[in-house]
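First up is the structure itself, then whatever we jot down about it.
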Amino acid sequence: LGELFCQSTHFTMWRVGLAFGLGAALEALLGWLLKRRRASLPTASEVIFFPSRVTCTEELLAGAPCVCPLPHGESALGRLLVRVLEARRSLDLCLFAFSSPQLGRAVLLLHSRGVRIRLVVDADYMVLRGSQVGSLRRAGIPVRHDQDKGYMHHKFAIVDKKMLITGSLNWTTQAIQTNQENVLVVEDQALVNIFLEEFEKIWENYNPANYTFFSKQEKTGIENAERLVGFNSCCGLYYQ
C-alpha cells in the first residue's frame, strides 16, 4: 500500500510538473507570436498635425542661427522639413500641389548635396503662381506630370527608399498655415515598398515618350505649339 501511495504521489507530481512546463512553453509561444505580429505591423514614427504656427526655418535650411523677428522653436512645418532633410541618397516626390518656398528650398538643398530627386506633379497645379516646380526643373531635377483626365492627387514622399511621408497635406503655404491637415511618417519597409512600386508605375506612365492618347496630326500640332511657348519634352513642363 505504501509503495502504491508513493507511485501515485510521483505520478501526480509528474503531471503537475508537465502542466507547469506546458504552460510556460505556451506562454512563451504566445509572447513570441504577439511580438512577431507587432513587428509586422506598420510603425508610425511620427504624426504631424497642421496648421503650423509661423516660425523661422532659416536655421534648418541654412545651417546657421538666425536673428530674424519671427518666432523660433518647433513647428509642424519645421518637423516636416527635418524629415525631408534626412534624405541622403534619394527622394521621390508625388505631390498634387507644391508651392511652399521652404519645402522648395529643402528639395533644392538636397539636390545640391547629390541626393537623387524625382518629382511627379499634377499638370494643372504645377503652373499656378507660386509653384516651385519651375525652379526645381531649372535646377536639373526631373519632373513628370499627368496628361490624362482627372488629377494626379497623391501627396507622398519616399526618403531613401525606406521612409514614407504621406497624409492629407498639400505642400503649399495655404495648406501649411491655415488648413487642418495631417502627415504620417512611417518606417515600415513592407509599406514603403508598396508606395515605391506605385511611384515607379506612375513615373513610367507619365514618361512623355509613352503618351498615346493623341493622333499623329494632333501630336504634330502640339509639338509646333510647344516650340512657340517653350516646352521641355524631357521633363514635360512649359516654361518662359
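The values are calculated or read from the model by the stated rules, or taken from the named source; none is laboratory data. Computed from a predicted model, the values in this text were never measured in an experiment. Please note: Cβ atoms are built from the backbone with ideal geometry, for glycine as well, and neighbour counts cover all protein chains shown. Please note that ligands, DNA and RNA were not included when accessible areas were found on the heavy atoms of the full protein model with its side chains. Shrake-Rupley method; radii C 1.70, N 1.55, O 1.52, S 1.80 Å.
Some notes on this structure:
- Residues being in a strand (DSSP E or B) and at negative phi - total across the stretch 162-207: 11
- Cβ-Cβ distances below 7 Å connect the following pairs, each with a first residue in the stretch 140-154 that is in contact (Cβ under 8 Å) with a residue 40 or more places away in the chain and at negative phi, a second residue that is in a loop (DSSP other than H, G, I, E, B) and among the small types (Gly, Ala, Ser), and a separation of six or more residues or different chains: VAL143/GLY236; ARG144/GLY236; HIS145/ALA123; HIS145/GLY236; ASP146/ALA123; GLN147/ALA123.
- For ARG53: the one exception among (1) over 20 Å from ALA175 (Cα atoms); (2) open to solvent by 60 Å² or more (accessible area, probe 1.4 Å); (3) assigned to a loop (DSSP other than H, G, I, E, B): (1)
- Complete set of residues in the stretch 162-195 that are over 23 Å from ALA76 (Cα atoms), surrounded by fewer than 17 Cβ atoms within 10 Å (Cβ to Cβ) and in contact (Cβ under 8 Å) with a residue 12 or more places away in the chain: GLN189, ALA190, LEU191
- Residues located in the stretch 45-101, provided they are over 15 Å from the mean Cα position of the chain (by Cα) and closer than 25 Å to ALA123 by Cβ: SER99, SER100, PRO101
- Hits in the stretch 152-161 (condition: more than 12 Å from ARG83 (Cβ to Cβ) and more than 8 Å from the chain's Cα centre (by Cα)): MET152, HIS153, HIS154, LYS161
- Contact annotation: residue pairs with Cβ atoms under 7 Å, 6 or more positions apart or on different chains, pairing a residue in the stretch 121-135 that is more than 16 Å from ALA157 (Cβ to Cβ) with a partner that is at pLDDT below 95 and part of a loop (DSSP other than H, G, I, E, B), are ALA123/ASP146; ALA123/GLN147; GLY134/TYR239.
- Single match in GLN132, GLN147 (criterion: closer than 22 Å to GLU59 by Cβ, of a type in the set (S, T, N, Q) and more than 17 Å from the chain's Cα centre (by Cα)): GLN132
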